[in-house]
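Enquirer: Sharing a structure, written as structure tokens. Questions coming.
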Amino acid sequence: MKRDLTKLASFQSRALGYPGTNETANYVRGRLEGLGYSVIKETFPAFMPIDHGGRLKSGDLEESIPLHAFWPNLARPPSTGPEGLKGPLIYARSGKYLHYQG
């Protein structure tokens with residue numbers, strides 16, 4: 001079980017449309033068939049926005065930091081233009097109101 005969990009956790013995003021989806025499905029199918037189960041694969045079309053990532057740039061940083069959406073705007077494609085976003089970065093620790101300091 002630990003080997004399987006480690007393997008599954010090693011795949012990239014398993015969200016629909018990402019490479020990890022097929023890698024996970026193929027791995028699970030192979031393991032189940034290896035245990036003697038019969039597996040039927042069904043496919044269907046679906047819409048899923050794909051996050052191609054972004055980068056955080058700051059004059060205070062030597063290098064830019066890669067950014068990825070946790071879930072790309074649910075069922076709506078990301079809407080940040082190619083010019084990106086600019087503004088102050090606030091570290092709010094756990095996200096409690098008192099950490100925002102105004």
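Enquirer: In the range 40-60, how many residues are under 21 Å from the mean Cα position of the chain (by Cα) and within 30 Å of Leu85 (Cα to Cα)?
Expert: Going through the range 40-60 one residue at a time, the tally reaches 12.
Enquirer: If you don't mind, another one. Only one of (1) out of contact with any Lys or Arg (no Cβ under 7 Å at 6 or more places or on another chain); (2) at negative phi; (3) surrounded by 10 or more Cβ atoms within 10 Å (Cβ to Cβ) fails for Val39. Which number is that?
Expert: Here Val39 meets the rest and fails (1).
Enquirer: Which ones in the range 16-30 are loosely packed, with under 15 Cβ neighbours inside 10 Å and either closer than 20 Å to Leu67 by Cα or not aliphatic (A, V, I, L, M) (or both)?
Expert: Leu16, Pro19, Asn22, Asn26, Arg29, Gly30, listed by residue number.
Enquirer: May I pose another question? When you check Ser94 against the structure, is it at pLDDT below 85, part of a loop (DSSP other than H, G, I, E, B) and exposed (fewer than 10 other Cβ atoms within 10 Å of the Cβ), yes or no?
Expert: Criteria met by Ser94.
Enquirer: Hey, another quick one. In the set Tyr27, Tyr37, which member is assigned to a loop (DSSP other than H, G, I, E, B) and either of a type in the set (Ser, Thr, Tyr) or over 23 Å from Thr80 (Cα atoms) (or both)?
Expert: Tyr37
Enquirer: So, one more: Could you list all residues from the range 1-24 that are in contact (Cβ under 8 Å) with a residue 12 or more places away in the chain and in a helix (DSSP H, G or I)?
Expert: Those that are in contact (Cβ under 8 Å) with a residue 12 or more places away in the chain and in a helix (DSSP H, G or I): Asp4, Lys7, Leu8, Glu23, Thr24.
The values are calculated or read from the model by the stated rules, or taken from the named source; none is laboratory data. Computed from a predicted model, the values in this text were never measured in an experiment. Don't worry about glycine lacking a Cβ; one is built from the backbone with ideal geometry, like all the others, and counts go over all protein chains shown.
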